[in-house]
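**Q** The structure's right below; bear with me while I get my questions together.
The values are calculated or read from the model by the stated rules, or taken from the named source; none is laboratory data. This structure is a prediction, so every number in the text was calculated from the model and none was measured. Cβ coordinates were reconstructed from backbone atoms using ideal geometry, including for glycine residues, and neighbour counts include every protein chain displayed. What goes into the accessible areas is simple: the full protein's heavy atoms, side chains included, and nothing from ligands, DNA or RNA. Shrake-Rupley method; radii C 1.70, N 1.55, O 1.52, S 1.80 Å.
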Amino acid sequence: MLRKKKECIAMLLAGGQGSRLKALTKNVAKPAVSFGGKYRIIDFPLSNCSNSHIDTVGVLTQYKPLILNAYIGTGRAWDLDSSDGGVFILPPYATESGAEWYRGTADAIYQNISFMDMYDSEYVLILSGDQLYRMDYRKMLRNHKEKGAEVSVSVMRVDWEDASRFGIITADGDGRIRKFTEKPKEPDSNLASMGIYIFNKDLLKKALIEDSEDPESEHDFGKNIIPKLLDEGNRLYCYEFSGVWKDIGTIDSYYETDMALLEDEPLFDLYSENFPMMSNSNIHPPQIIGPTGSVERCIVGNGARIFGTAIHSIISVDSYISKGAYVKDSIILPGARILKGARVVRAIIGENAVVTADSEFGCEDPDSEIAVMPGNDNVLVSIVGGGD
């Protein structure tokens, strides 16, 4: 079935476990992890699509998809519910030849070629669902067309000491990619791939079909698709991004990036009116600071109820801090409960987790690891209760 032709559609890879986030991804996929008091990580690429007027987005899910699927819903929260586009959840599915999980990023797109064909777009934007950044994809697409590129790779400069952690691009003066090296031990460039690509659709389709037939391939864009297209002499160009971009792959980077929102002038601005970050957490009632509650330098989400003390912390939607409880330098994820007399310092409390009365969790020592309490399995349950 062919629908209204689109110039560009987006394919958003959101099936990753994010195992380095440990307890935070025990019950949810990494793109569904809460951030900034009211958001989930997937809000950022979805908001970027909406603000860039890309209204057709395929979201490829796999690991623990329930929360992510329920959260995305119809896409209305991001104005992505148009009658001739919208957000589409694309899990692995069975065919006449059987069923299998997505074997890699490229295989995930390959298994959904039929979705791309439905819109017969000229270009396909490939995105990761687990990065924090604000980008107008129209600028990248404009650069792609001006260069006459067949593939564009979004890049940004990183510190040389960090370059070996990324796929590294070596480009000429015009931005044409001459070399791509996945996590080199001795990088010859500090242009790091962000894992954001624009492909001419016909070339992408051809590359994916060939990759699917290669038994030696890991079916990965960075390891297989991009290097092969480069070796074949295709026109690959880089698009240099200069904004804030965070790939929060570890507990430390997650904690530091979240807590940085509390600075006087945070690098990542969540309050832009021209390019807003949207979420599906606007259905909660207002927050309440009770008569015994005290809040200092915190982000407090809707539905949060605070009857104790919160200092320099992220207090997410529907969370609860009881009378006599003390929270400092911590991230309290949605629905978590800090009961009477409990003390939480330099910690991350998972969704719907309960810190029991008069207990202590975390440590004041700035050199100690961030303490992480796993969330409750049933992270869709709303929290009810009083302020005692």
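**Q** Which entries of Lys4/Lys145; Lys64/Lys145; Lys183/Lys246 have Cα-Cα distances beyond 27 Å here?
**A** Among Lys4/Lys145; Lys64/Lys145; Lys183/Lys246, the Cα-Cα distance tops 27 Å for Lys64/Lys145.
**Q** Using θ = phi - 60° and the Karplus relation 6.51 cos²θ - 1.76 cosθ + 1.60, list the HN-Hα couplings for segment 198-203 in order, rounded to whole Hz, with x at every Gly or Pro.
**A** 10, 10, 5, 4, 4, 5
**Q** With the chain treated as a Gaussian network of Cα nodes joined by springs under 10 Å, which of Lys328, Lys145, Lys26 yields the largest mean-square fluctuation?
**A** The residue that fluctuates most here is Lys145.
**Q** Kindly identify segment 1-94 as rounded, prolate or oblate by the Cα gyration tensor criterion: order the square roots of the eigenvalues as a ≥ b ≥ c, call it rounded if a/c is under 1.5, otherwise compare a/b with b/c, prolate if a/b is larger, else oblate.
**A** Prolate is the answer for segment 1-94, as a/c is 1.5 or above and a/b outweighs b/c.
**Q** Now for a separate question. With runs of 4+ DSSP H residues as the only contributors, calculate the mean residue ellipticity of the chain at 222 nm using -39,500 (n - 2.57) per run, divided by the residue total and rounded to the nearest 500. Before the final figure, lay out the partial values.
**A** Numbers: 8 runs with 67 residues, N = 388.
Helices in the chain give a 222 nm mean residue ellipticity of -4500 deg cm²/dmol.
**Q** In whole percent, and with a 1.4 Å probe on the protein chains, what portion of the accessible area of the chain is carbon and sulfur?
**A** Answer for the chain: carbon and sulfur cover 48 percent of the accessible area.
**Q** Here's a follow-up. Amide H of Met278 versus every other amide H placed in the peptide plane: which residues, excluding those fewer than 5 positions away on the same chain, fall under 5 Å?
**A** Distant-sequence amide H within range of Met278: Ser47.
**Q** Taking amide H atoms as placed 1.01 Å from N in the peptide plane, list the residues 5 or more away in sequence, or in a different chain, whose amide H sits under 5 Å from that of Gly301.
**A** For Gly301, whose amide H was placed from the backbone, the distant partners under 5 Å are Ile315, Ser316, Val317.
**Q** For segment 123-192, divide the Cα radius of gyration by the Kirkwood radius and give the resulting Rg/Rh value with two decimals.
**A** Value, to two decimals: 0.97.
**Q** Packing-wise, with mean Cβ within 10 Å as the measure, how do 125-132, 227-234 rank, highest first?
**A** Descending mean neighbour count gives 125-132, 227-234.
**Q** Let me ask something else. How much accessible area per residue does the chain have, in Å², with a 1.4 Å probe?
**A** Using a 1.4 Å probe on heavy atoms only, each residue of the chain averages 45 Å².
**Q** Here's another thing I want to ask about it. Skipping prolines and chain starts, which residues have an amide H placed within reach, meaning under 5 Å, of the one on Gly290, given they are 5 or more residues away or on another chain?
**A** Here the answer is Ile306, Phe307, since their amide H atoms fall under 5 Å of that of Gly290.
**Q** Can you give the charge dipole size of segment 212-361 about its Cα centre, rounded to the nearest 20 debye, using +1 on the beta carbon of Lys and Arg and -1 on the beta carbon of Asp and Glu?
**A** It comes to approximately 1100 debye.
**Q** Rounded to the nearest 20 Debye, what is the dipole magnitude of segment 194-285 about its Cα centre when Lys and Arg each give +1 and Asp and Glu each give -1 at the C-beta?
**A** 460
**Q** Further, regarding this structure: How large is ³J(HN,Hα) for each residue in segment 267-281, as worked out from phi by the Karplus curve 6.51 cos²θ - 1.76 cosθ + 1.60 (θ = phi - 60°), to whole Hz, x for Gly and Pro?
**A** Computed from phi, the couplings for segment 267-281 are 4, 9, 8, 8, 10, 5, 7, 7, 9, x, 8, 9, 8, 9, 10 Hz.
**Q** On to the next question. I need the semi-axes of the equivalent ellipsoid of the chain: take the C-alpha gyration tensor, multiply each eigenvalue by 5, square-root it, list largest first in whole angstrom.
**A** That gives 39, 23, 19 Å for the three semi-axes.
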